[in-house]
Each structure stands twice: as C-alpha cells, then as structure tokens.
1. Hey, could you check segment 134-149 for residues that are exposed (fewer than 13 other Cβ atoms within 10 Å of the Cβ) and either without any contact (Cβ under 8 Å) to a residue 12 or more places away in the chain or in contact with a helix residue (DSSP H, G or I) (Cβ under 6 Å, 6 or more places away or on another chain) (or both) and say which is nearest to residue 59 (Cα to Cα)?
2. Could you run through segment 104-119 and say how many residues are in contact (Cβ under 8 Å) with a residue 24 or more places away in the chain and surrounded by fewer than 20 Cβ atoms within 10 Å (Cβ to Cβ)?
3. Surrounded by fewer than 20 Cβ atoms within 10 Å (Cβ to Cβ) and closer than 19 Å to residue 22 by Cβ: is that true of residue 160 in this structure?
4. If you go through segment 82-100, how many residues are in contact with a strand residue (DSSP E or B) (Cβ under 8 Å, 6 or more places away or on another chain) and either at pLDDT 95 or above or in a loop (DSSP other than H, G, I, E, B) (or both)?
5. Every residue in segment 105-133 that is at pLDDT below 95 and touching a helix residue (DSSP H, G or I) at 6+ places or on another chain (Cβ under 6 Å), please.
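The values are calculated or read from the model by the stated rules, or taken from the named source; none is laboratory data. Keep in mind that what you see is a predicted model, and the values were worked out from it rather than measured. Glycine also receives a Cβ, built like all others from the backbone with ideal geometry; neighbour counts cover every protein chain displayed.
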C-alpha cells in the first residue's frame, strides 16, 4: 500500500481542533496540506463548531477538505500526521482535546482496513461535524461501501452544529 499511485485519487480529509485558536489551527493545516508533494487542495467546506464528544472540553471547530493526490493511503496518512505534530498534536486520550486532528475520511473508491487506517473512516456516519461539511463538497456522494451520503445525513441531525461565517 506504500507504492506510488499511477493515477490521481480524490480524497476527503476531516479537520478538527479545540485548542490554541481552533480556526487558525485549521487554516494553518490547510496551508500545510496545500504544500504537500503529490497533493492538490481542491476545495474546503465551511468551518463548523460542535460540542466535544466528551463533556467538559472546549467546543471543536471542524471542516472537510478535498485533495487530489498521487500519494498512497499510508503515505498520505504519514504526511497528515506530520502536520499534526508540527502543530503541537499530542496523543493522550481518545477523543480528548487536541490542537489538530486530520482524518482520512474517504480515499477514492477504496475500502481500506489496515491496522493504521480504516476507510471509509469509522464512525463518520454518526458525526454531523463530518457529514455536513462533506455534503458541501460532494453532494449526492456514494461511499465506496455503497452507503449514500444523503441517507447518512437523513439519520444524522444537524443538532448542536453551528456553521461559522466565511471569515472564520
């Protein structure tokens, strides 16, 4: 899975932050993603604010970005994790506070089940802060596993999600 791709694939990346000026963390990550060799940042959703999955934590700012890439899934994962580290990401508790979280949500039409990477991203079907930004970029999308984004949205209410103005 680390051999270079012969074609370009559309990849959707989920971005999230709830520490150290979250909107600025997302903007910095987008700039870094746009600089990745073998990647072209093609579009970015609006920024959204949502409650943390764990009580007592700051609210998260989230977005989804579309990339066209010739990187392999694991090479892209490594590059995204390097961006997280550059922005001060520390991995302590699952779903805990973080300066930056970058998740590969979808990688072309691939189903990936590796120890380090699951695509489509697990739990995305229950996360409004992933589905609604993704729908901005890819309305009517059918996931590689056959699920339709529109159906997932029907089962995942917009409740608790706030779309930020464009200048956020």
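1. Selected residue: 139.
2. Total satisfying the criteria: 8.
3. Yes; evaluated as a whole, the condition is true for this residue.
4. Residues that pass the stated criteria total 5.
5. Answer for segment 105-133, where residues must be at pLDDT below 95 and touching a helix residue (DSSP H, G or I) at 6+ places or on another chain (Cβ under 6 Å): 124, 125.
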